[in-house]
Amino acid sequence: MSPWRVEWLRLVRTRRLIALGGVFVFFGFIEPLGTYYLPDLLRHSAGGLKIVIPRPVPADGISSYASNALLIGLIVMVFVAASACMVDARPALSAFYRTRTRDFWQLLYPRAAVAACAGVGAYLLGLLCAWYETGVLIGAPGAAAMAESAVLVSVYLVFAVAVTAAASTLARSTLATAIWSIAFLLVISVAAAVPQLKQWLPAALTDAPDALVRHTAALHYYVPAVAVCAVGMIGLVLAARWRGSSREVS
Amino acid sequence: MEPSDGGTALESEASDTTDLAVTTHGLVRDYGHGAGLHGIDLVVKRNEVYGLIGPNGAGKTTLLSILAGLRRADAGRIELNVPARRVAMCPDTPEFEPWLTAAEVVRQSRGLAAAGGGNRSSGGSRTPRGDRCSGGSRSDGADPVGRVLAHVGLADAADRRTGGFSRGMKQRLSLAAALTLKPELLILDEPSGALDPAGRAELFQLIAQLSDTRTVIFSSHILADVQRVASSVGVLDRGQLLFQGPTQTLIDSYLRPAWNVRVRGCADALVRQLRDLAWVSGVKLLADQSVEVEAVSADIGEHELPRALVAAGVGLVSMNPVDASLEAAFLALTAGNAGNGESGG
C-alpha cells in the first residue's frame, strides 16, 4: 500500500475529510444566505430604529464566505494537517515509520501534500457553493475574478500546510503543532496591517477574494505575496526535512 | 574485535568479520546520572539468535534503538554488515494507525519499504524457512500478506482494525510487518512481553526458525525464553556489558557443581555415606526427601556421584543439576557486578 493511499485512508476513516469539507461547505451555503437576508434580519431586530443598509452585491457574498472560511476553516485545516504531519507524536508508531524509510522526506511529503490537497479541495468546494448561492440570491460574481481569487487563496492554504509541516518537526504533539502553526499565521496576519509590509506577506492573499471580485485590486498586486509564499514554502519544507531527519525517536 | 575491559566476565572470540552481522566498538550514550550505555562492544554473528538480558534500566532498549538507527550514540562505532535497509525492528509496545486493518498494516510496511528504495518486499528468490507455509486457506495462499499474518497467528484478524488489538496482537502484527520485509537483521525489543505462554512458545519457535536465514537480536526479561532460543547472550547491567558469549558458557560459568538426587529407599543412609567421601563438599537432606549433593568440582561430581549411588545400593529416581539455568547465572553475574560497584566494564 502506497503512502498516498494511507494518507487518503487517514482522511476518510478518521472522518477528517468530512470535518474539513463540512466546515467549508457550511460557510459556502450559510454566508451568502446571511448576507442576502442581513437587511431583513436587522430590520426585524431593530425595534423602532430605522437602519439603512445598502443592498448586497455579489462581492459581499463571496467576501463573507472567504473571511469566515479562512478563519474557522483554516483552523480546522491546520489541525488536520498537524495530525497527519506529526510523525513523532507516538514513539512506537514513529519507530514503525522511521525504520522503513531512509529519508524523513518520504514520510512528510505525502502527508503534507494530501493534507494540502484536502484543504484546497475543501475550500474550492465551499467556494463553489458560495458562488452558486450568491448567483441565485444576489447576482453572479465575475468568473475570472473568482478563478483568480481561488488560485491565490489556494497558494495561501498550501503555505499554511507548509508552516504546519515545519512546526510538526519542532513540537512533540499534534496540539502543540497546531497551536504553533496558528500562532505563526496569526502573527503574519497582524504584520500585514503594516502598509509597507502588506503586499509582501502571505496574509495579503486572504484579502484577494474581496478585492478581486470588487475590482479594487488587480491580480499583479499579489505577485510579491505569491513569491514570498513560494520562497517561504521551499524554506519551510527544507527546514522540516532537515529537522525531521535529525530528530531521534524518544 | 576487542573485549570490554574493566574486570568483567566478557567473553571475546576471534571471528572472521564476514561472519559478523553487527559489531559495536565502545558505544556510549550518556543520559546522565549513570543512565545510558558506557562502552558497549557488542559482537553478533551472522544467522544467530542473540539474547540481550538485563534488569530494568540496563540500557537494552537504548542499545537496540541505536542499532536500528532510531537513536544516536554519543561516542563509539557501529559496524553493520547488513544493508541498513535490511534491518527491521519491533519495539516492545508496538503501535499502528488504529484505522488500518492488520492486513493493511503489513501492506503499508511493504509499501513504505518499497517507496524508500529498499524494495524489500520483493525478496528475490529466497524462501526462508521462517516464511514457509502450508495449507490452502486464503491466508496461506499465494498472498504474501495473508501468509505472513497466518505465520504469526493473526490470519483471523487480518481484516480487523488494529485499534481494537490487544498488546499481544500488536506484538504479533509488529513481527509480521517486519518479517514481510525479509530483513537480514531482525531486532526485537521484549517481543514476548505481552504474550500468553502459548504465544510465547510459538514466538520463540518462530525465532528459532528464523535464525537459519537471518540474524535475530532480542531483549527479554524472561530468561527461560532466552535460554530456550538464544545461541549467544549478552548480559547488560547499568549500561555495561558484563558478559557476552554462548548461552551455555554463561550457564556453565555460574553453575554450582551440585545435584539434586531423588532415590528410592532410605535417603538418610545415603546422606551419611556421602558425607564420608572426600570429593563431597556438602550434602543435605531436603524436606521433600531428596538429597542435594555439592562436589568440589563439576567434573569430579559428574564421575563420582553415580559411582557413590551404585555403591550405596539405592534406587535412583532422578538426578538433576542444581540451578542449571540462565536465571541463576544472570543473578550471580549481576549480583557480582553490584558488589563490584562501579568497577564493572
Inspect all residues belonging to the stretch A:56-63 and state whether any of them is within 14 Å of chain B (Cβ to nearest Cβ) and part of a helix (DSSP H, G or I). no
Conditions (1) within 14 Å of another protein chain (Cβ to nearest Cβ); (2) in contact with a Cys (Cβ under 9 Å, 6 or more places away or on another chain): number failed by residue A:15: (2)
Tally of residues being farther than 24 Å from residue A:121 by Cβ and of a type in the set (D, E, K, R) across the stretch A:15-44: 2
Only one of A:108, A:128, A:124 is free of Cβ contacts under 8 Å to residues at least 40 places away in the same chain and either in a helix (DSSP H, G or I) or buried (at least 21 other Cβ atoms within 10 Å of the Cβ) (or both). Can you tell me which? A:124
Part of a helix (DSSP H, G or I), aliphatic (A, V, I, L, M) and farther than 20 Å from residue A:76 by Cα, is that true of residue A:144? yes
Condition set among the aliphatic types (A, V, I, L, M) and at the interface with chain A (Cβ under 9 Å from one of its Cβ atoms), scope the stretch B:65-105, selection farthest from residue A:93 (Cα to Cα): answer is B:84
For the stretch A:85-100, give me the residue count where each residue is surrounded by fewer than 20 Cβ atoms within 10 Å (Cβ to Cβ), facing chain B (nearest Cβ under 7 Å) and not in a helix (DSSP H, G or I). 1
So residue A:163 clears everything in (1) farther than 19 Å from residue A:119 by Cα; (2) modelled with pLDDT of 90 or more except one condition, right? Which one? (1)
Breaking point among (1) touching a residue at least 24 places away in the same chain (Cβ under 8 Å); (2) not in a helix (DSSP H, G or I), for residue A:217: (1)
Would you say residue B:314 is over 25 Å from residue B:328 (Cβ atoms) and surrounded by 12 or more Cβ atoms within 10 Å (Cβ to Cβ)? yes
Unique residue being touching a residue at least 60 places away in the same chain (Cβ under 8 Å) and among the aromatic types (Phe, Trp, Tyr) when the list is A:96, A:159: A:159
Could you please find all residues in the stretch B:229-265 being surrounded by 18 or more Cβ atoms within 10 Å (Cβ to Cβ) and assigned to a helix (DSSP H, G or I)? B:229, B:247, B:250, B:251
Got a sec? Which of B:113, B:75, B:84 is buried (at least 23 other Cβ atoms within 10 Å of the Cβ) and over 20 Å from the mean Cα position of the chain (by Cα)? B:113
From the list B:269, B:224, B:278, exactly one residue is free of Cβ contacts under 8 Å to residues at least 24 places away in the same chain, out of contact with any helix residue (DSSP H, G or I) (no Cβ under 6 Å at 6 or more places or on another chain), more than 23 Å from residue B:62 (Cβ to Cβ) and surrounded by fewer than 22 Cβ atoms within 10 Å (Cβ to Cβ). Which is it? B:278
Only one of these is more than 14 Å from chain A (Cβ to nearest Cβ), more than 26 Å from residue B:147 (Cα to Cα) and touching a Lys or Arg at 6+ places or on another chain (Cβ under 6 Å): B:19, B:41. Name it. B:19
Being crowded, with 23+ Cβ neighbours inside 10 Å, over 21 Å from residue A:165 (Cβ atoms) and modelled with pLDDT under 95: is that true of residue A:62 here? yes
Within the set of pairs 6+ apart or on separate chains, which have a first residue in the stretch A:221-242 that is without any contact (Cβ under 8 Å) to a residue 24 or more places away in the chain, a second that is outside any helix (DSSP H, G or I) and surrounded by 14 or more Cβ atoms within 10 Å (Cβ to Cβ), and C-beta atoms under 8 Å apart? A:221/A:199
Which residues, taken from the stretch B:178-196, are in contact with an Asp or Glu (Cβ under 7 Å, 6 or more places away or on another chain) and either in a strand (DSSP E or B) or free of Cβ contacts under 8 Å to residues at least 24 places away in the same chain (or both)? B:189
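Here's the yes/no breakdown for (1) within 14 Å of another protein chain (Cβ to nearest Cβ); (2) at pLDDT below 85:
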position: B:168; (1), (2): no, yes
position: B:173; (1), (2): yes, no
position: B:182; (1), (2): yes, no
position: B:210; (1), (2): no, yes
position: B:215; (1), (2): no, no
position: B:227; (1), (2): no, yes
position: B:237; (1), (2): no, no
position: B:243; (1), (2): no, no
Has the stretch B:88-96 got at least one residue that is buried (at least 20 other Cβ atoms within 10 Å of the Cβ) and among the hydroxyl-bearing types (Ser, Thr, Tyr)? no
From the list A:76, A:187, exactly one residue is more than 21 Å from residue A:15 (Cα to Cα), among the β-branched types (Val, Ile, Thr) and away from chain B (no Cβ under 14 Å). Which is it? A:187
For the stretch A:72-107 the number of residues that are out of contact with any helix residue (DSSP H, G or I) (no Cβ under 6 Å at 6 or more places or on another chain) and small (Gly, Ala, Ser) is 3
Filter result for the condition that a residue is more than 24 Å from the chain's Cα centre (by Cα) and more than 25 Å from residue B:65 (Cβ to Cβ), over A:125, A:42: A:42
Note: among A:43, A:98, A:55, A:111, just one is touching a Gly at 6+ places or on another chain (Cβ under 8 Å) and of a type in the set (Lys, Arg), namely A:98
Which of (1) within 18 Å of the chain's Cα centre (by Cα); (2) assigned to a loop (DSSP other than H, G, I, E, B) does residue A:19 not meet, given it meets every other one? (2)
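The values are calculated or read from the model by the stated rules, or taken from the named source; none is laboratory data. Since we're looking at a predicted model, the values are computed, not measured. Counting neighbours? That spans all protein chains shown, and the Cβs are built from the backbone with ideal geometry, glycine included.
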